[in-house]
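Visitor: Mind having a look at this structure? Questions to follow.
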Amino acid sequence: MAFLADSIGRIKPSATIAVTDKARALKAAGRDVIGLGAGEPDFDTPDNIKEAAVAAIKRGETKYTAVDGIPQLKEAICAKFKRENGLTYKPSQISVGTGGKQVLFNALMATLNPGDEVIIPAPYWVSYPDIVLLAGAKPVAVTTRMEDGFKMKPEALEKAITKQTKWLIFNSPSNPTGAAYSRAEVKALTDVLVRHPHVWVLTDDMYEHLVYDDFEFFTPAQVEPSLYERTLTLNGVSKAYCMTGWRIGYAGGPEFLIKAMATLQSQSTTNPNAIAQWASVEALNGPQDFIARNNAVFKERRDLCVAMLNQANGIKCPKPEGAFYVYPSCAGTMERRTPGGKTLATDEDFVTELLEQEGVAVVQGTAFGLGPAFRISYATATSALEEACRRIQRFCGSLQ
Ligand SMILES: Cc1ncc(COP(=O)(O)O)c(C=O)c1O
């Protein structure tokens, strides 16, 4: 439509949301569908956090707040960064938005000009390249390999950097692969960045707490303090605190950037929901022990998925360190035929046929920039997950 802005033509709807909607529609039509598309924990928000929200409503915390966060939440975020990441930020260096996604959006919109390049290791979270495109800049995907655990090598980073590079978007543990970089692996990348002072790091630490088998999380500015002045450390309460619907995300970074992001937010959404901000104060300051309990369940589910998927014909599934995703390759099923006579030419065919034949909704890898593969979110009931893996085995077994 000529009426629409050119920028809209540059972006597409999120593939993960599309799959979730399709699964929901099939379910509503009476089909037995197991949805493994959505990236959100199936656990409920802990009671102490809900109670803090109720108390905030009763106290009348129902008005506009400071645009980029109430002081109490900024203090809680500063304390979190100090306690968990060894990073010192002042409240004036903190931005709170409506989900990590808005904070990311603000940061990219506030910094990118046409011609700027943003390095994004692939597979990537679908929103990174599209927000960069919306800002009129150029996403530069650096494709990783399954054999390297889907982690970017320092040489690949070095090669992708040009004079136009503005940001590296770093995401560990990763959506969609679950790959998480060890301290040494982070250091190998920050060593490259030290040599290129014009490149900034936007580190998306959203899945920080979701790591298994004694894996230790490190964020770039912690590993290489000399990058502190050119790092935006992004995080949020959605995943670890089971608060996806509350919509609170935050970042710490240089004051001039935080200010620019607040200006942008002041002309778009204004403050994030006041009640959700108070709930987030409790999330960050309150008891943290449920995270370990949830992680024990997530780890069990990850192990179940990896074991069962590796028994499916034509599927190879590496075991990731974190998040709640696995990213199996379905290369071994390509060019094979379904009982209905459809030849699988792409991973999109694979996920479409899997949904049609077995009622299992997953997202095709090409949407995340690397296929043929698919992403499974294992943040769903263990029994449903087991049944879904059984159906995937049956689907793969039916291919000729
Ligand atoms: C890697 C990554 N970053 C950021 C987000 C945004 O989270 P939210 O906007 O719910 O805080 C998500 C959500 O799926 C994610 O997977």
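Nothing in this text is a laboratory measurement; each read-out follows from the coordinates by a stated rule. For clarity, every value in this text was computed on a predicted model and none was experimentally measured. Cβ: placed from backbone, ideal geometry, glycine included. Neighbour counts: every protein chain shown.
Visitor: Provide K151, K138, K163 in ascending order of the number of other Cβ atoms located within 10 Å of each residue's Cβ, fewest first. Before the final figure, lay out the partial values.
Guide: On the way: K151 21, K138 18, K163 7.
By the 10 Å Cβ count, ascending: K163, K138, K151.
Visitor: Using a Förster distance of 51 Å, how high is the FRET efficiency between K163 and A345, based on the Cβ-Cβ distance and rounded to 0.05?
Guide: Taking R0 as 51 Å, the efficiency between K163 and A345 is 0.85.
Visitor: Return the long-range amide H neighbours of V142 (sequence gap of 5 or more, or a different chain), with a cut-off of under 5 Å between placed amide H atoms.
Guide: Close amide H contacts, sequence-distant or interchain: I120, A122.
Visitor: Additional query: Taking the Cα atoms only, what angle lies between the long axis of helix 71-85 and the longest principal axis of the chain, rounded to 10 degrees?
Guide: 60
Visitor: Using 0.36 nm per residue, how much length does the chain from T352 to E229 gain when fully extended, once their Cα-Cα distance is taken away? Numbers along the way, then the final one.
Guide: Details: separation 123, 0.36 × 123 = 44.28 nm, distance 4.55 nm.
Extending this stretch completely gives an extra 39.7 nm.
Visitor: Taking the simple approach of a point 7 Å from Cα along Cα-to-Cβ for both D130 and N310, what is their distance in nm?
Guide: According to this spin-label approximation, the distance is 3.4 nm.
Visitor: Provide the gained length on full extension for the span M1 to A79, in nm with one decimal, where the gain is 0.36 nm per separating residue minus the Cα-Cα distance. Provide the component values of the computation, followed by the final result.
Guide: Values: separation 78, 0.36 × 78 = 28.08 nm, distance 4.86 nm.
That pair, M1 and A79, stretches by 23.2 nm at full extension.
Visitor: For an R0 of 30 angstrom, estimate the FRET efficiency from the Cβ-Cβ distance between E61 and I291 and round to the nearest 0.05.
Guide: That pair, E61 with I291, gives E of 0.70.
Visitor: Taking neighbour counts of Cβ atoms within 10 Å as a proxy for exposure, in what order, fewest first, do L264, L232 appear? All intermediate terms of the calculation are to be shown ahead of the outcome.
Guide: Working: L264 20, L232 26.
Exposure proxy ranking, most exposed first: L264, L232.
Visitor: What does the C-alpha gyration tensor say about the overall shape of the range 226-269? Classify as rounded when a/c is under 1.5, otherwise prolate if a/b is larger than b/c, or oblate.
Guide: Oblate, since a/c reaches 1.5 and b/c is not below a/b.
Visitor: What is the spin-label model distance, in nm, from A28 to T270 if the labels are put 7 Å beyond Cα along the C-beta direction?
Guide: Going by the 7 Å Cα→Cβ label model, 3.2 nm.
Visitor: To continue, here is another question. Take the alpha carbon gyration tensor of the chain, find the square roots of its eigenvalues, order them as a ≥ b ≥ c, and report rounded if a/c is under 1.5; if not, report prolate when a/b exceeds b/c, else oblate.
Guide: Judged from the Cα gyration tensor, the chain comes out prolate (a/c at least 1.5, a/b above b/c).
Visitor: Same structure, new question: Per residue of the range 35-44, in order, report the coupling 6.51 cos²θ - 1.76 cosθ + 1.60 (Karplus, θ = phi - 60°) as ³J(HN,Hα) in whole Hz, putting x for Gly and Pro.
Guide: So the Karplus estimates, Gly and Pro as x, are x, 10, x, 7, x, 9, x, 7, 6, 7 Hz.
Visitor: What nm value, rounded to one decimal, do you get for the distance between R390 and E147 when each label is placed 7 Å out toward the C-beta?
Guide: Result: 3.7 nm between the two label points.
Visitor: Per residue of the chain, what 222 nm ellipticity follows from adding -39500 (n - 2.57) for every DSSP H run with n ≥ 4, rounded to the nearest 500?
Guide: Helices in the chain give a 222 nm mean residue ellipticity of -12500 deg cm²/dmol.
Visitor: Most mobile of P220, P13, P91 per a Gaussian network model of the chain (Cα springs, under 10 Å)?
Guide: Looking only at P220, P13, P91, the largest GNM fluctuation is found for P13.
Visitor: Working out 0.36 nm times the residue gap between K12 and D214, then minus their Cα-Cα distance, what length gain in nm do you get to one decimal?
Guide: That works out to 68.9 nm of additional length.
Visitor: How would you rank E300, E321, E155, going from fewest to most other Cβ atoms within 10 Å of each one's own Cβ?
Guide: The fewest-first ordering by Cβ neighbours comes to E155, E300, E321.
Visitor: Can you tell which of L36, L385, L26 shows the greatest fluctuation in a Gaussian network model of the chain with Cα springs below 10 Å?
Guide: Of L36, L385, L26, the Gaussian network model singles out L26 as fluctuating most.
Visitor: Pairing the Cα long axis of helix 183-194 with the longest principal axis of the chain, what angle in degrees results, from 0 to 90 and rounded to the nearest 10?
Guide: 60
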